1. Can you go through LEU170, LEU162 and tell me which one is surrounded by 20 or more Cβ atoms within 10 Å (Cβ to Cβ) and out of contact with any Cys (no Cβ under 9 Å at 6 or more places or on another chain)?
2. Find all pairs meeting these conditions: Cβ atoms under 6 angstrom apart; at least six residues apart or on different chains; first residue within region 124-143 and closer than 13 Å to VAL161 by Cα; second residue in a loop (DSSP other than H, G, I, E, B) and modelled with pLDDT of 95 or more.
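The values are calculated or read from the model by the stated rules, or taken from the named source; none is laboratory data. Predicted model only: the values in this text are computed from it and were never measured. Neighbour counts run over all protein chains shown; Cβ positions are idealised from the backbone, glycine included. Accessible surface areas use protein heavy atoms only, side chains included; no ligands, DNA or RNA. Shrake-Rupley method; radii C 1.70, N 1.55, O 1.52, S 1.80 Å.
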Amino acid sequence: MRPQDALLAAPAYWDDACRHLARRDRVMKRLIPRYGDARLQSRGDAFTTLARSIVGQQISVKAAQSVWERFTQLAGSVDGALAPVQVLAHTPQSLREAGLSLRKAEYLLDLSRHFEGGSVHVGQWAQMDDEAIIEELVAIRGIGRWTAEMFLIFHLMRPNVLPLDDVGLLRGVSLNYFSGEPVSRAEAREVGEAWAPFRSVATWYIWRSLDPLPVEY
């Protein structure tokens with residue numbers, strides 16, 4: 001397997017998760033066959049993935065891609081990948097030349113300092129539970145719980161994350177389980193109990209029910 005293929009590999013647990021969910025949940029039994037061989041896939045390294053999430057906050061996908069390309073060019077990256085030290089060579093003011101707001105420039109520098117200084121334990125994440133990783137990530141300016149949960153799902157491919165702050169998840173639960181009636185986080189959590197220990201996979205299929213194109217971060 002080539003290195004780039006390894007980055008695009010689906011989680012080893014995916015097929016087992018689909019069988020489990022189809023047995024446990026009538027909605028999943030209906031949704032899963034709709035999307036064929038589509039799978040969750042992880043892209044990029046941890047630092048680059050989180051930097052992209054900061055750049056993309058509160059702007060359109062198209063605008064985020066444009067700013068990201070200017071930002072990585074300014075930082076001197078190769079093939080879109082970044083190292084913290086490349087970002088730390090800049091001031092907030094110089095990073096703004098890429099089209100970043102001052103706040104996002106400061107967030108990116110704080111992210112870089114956390115990675116360069118070793119206050120995030122990337123090498124230990126495989127042995128850490130989800131909440132411990134979230135706690136490390138939300139200590140970084142510009143990263144909240146939702147972003148940390150997206151990172152767990154899309155980068156670390158953790159199987160049992162239920163992002164209750166995600167509006168798409170709540171909307172999808174509303175449409176698929178409550179005939180379109182608004183649902184609370186507590187009601188979504190109750191639905192998600194039947195999905196354990198594969199709540200990330202069920203969430204991914206709920207997202208697909210709203211947008212058939214797979215989401216990538």
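1. On the way: LEU170 fails: surrounded by 20 or more Cβ atoms within 10 Å (Cβ to Cβ).
Every option except LEU162 fails the conditions.
2. Going by the 6 Å Cβ cut-off, the qualifying pairs are ASP130/ARG158.
One line per residue, one yes/no per condition, for (1) at pLDDT 95 or above; (2) in contact with a Lys or Arg (Cβ under 8 Å, 6 or more places away or on another chain); (3) not small (Gly, Ala, Ser):
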| position | (1), (2), (3) |
| --- | --- |
| ARG34 | no, yes, yes |
| ASP37 | no, no, yes |
| ARG52 | no, no, yes |
| VAL78 | no, no, yes |
| LEU100 | yes, no, yes |
| GLU106 | yes, yes, yes |
| GLU131 | yes, no, yes |
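Conditions tested, residue by residue: (1) open to solvent by 20 Å² or more (accessible area, probe 1.4 Å); (2) within 14 Å of the chain's Cα centre (by Cα).
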| site | (1), (2) |
| --- | --- |
| TRP125 | no, no |
| ILE133 | no, yes |
| PHE151 | no, yes |
| PHE178 | yes, no |
| GLU187 | yes, no |
| ASP211 | yes, no |
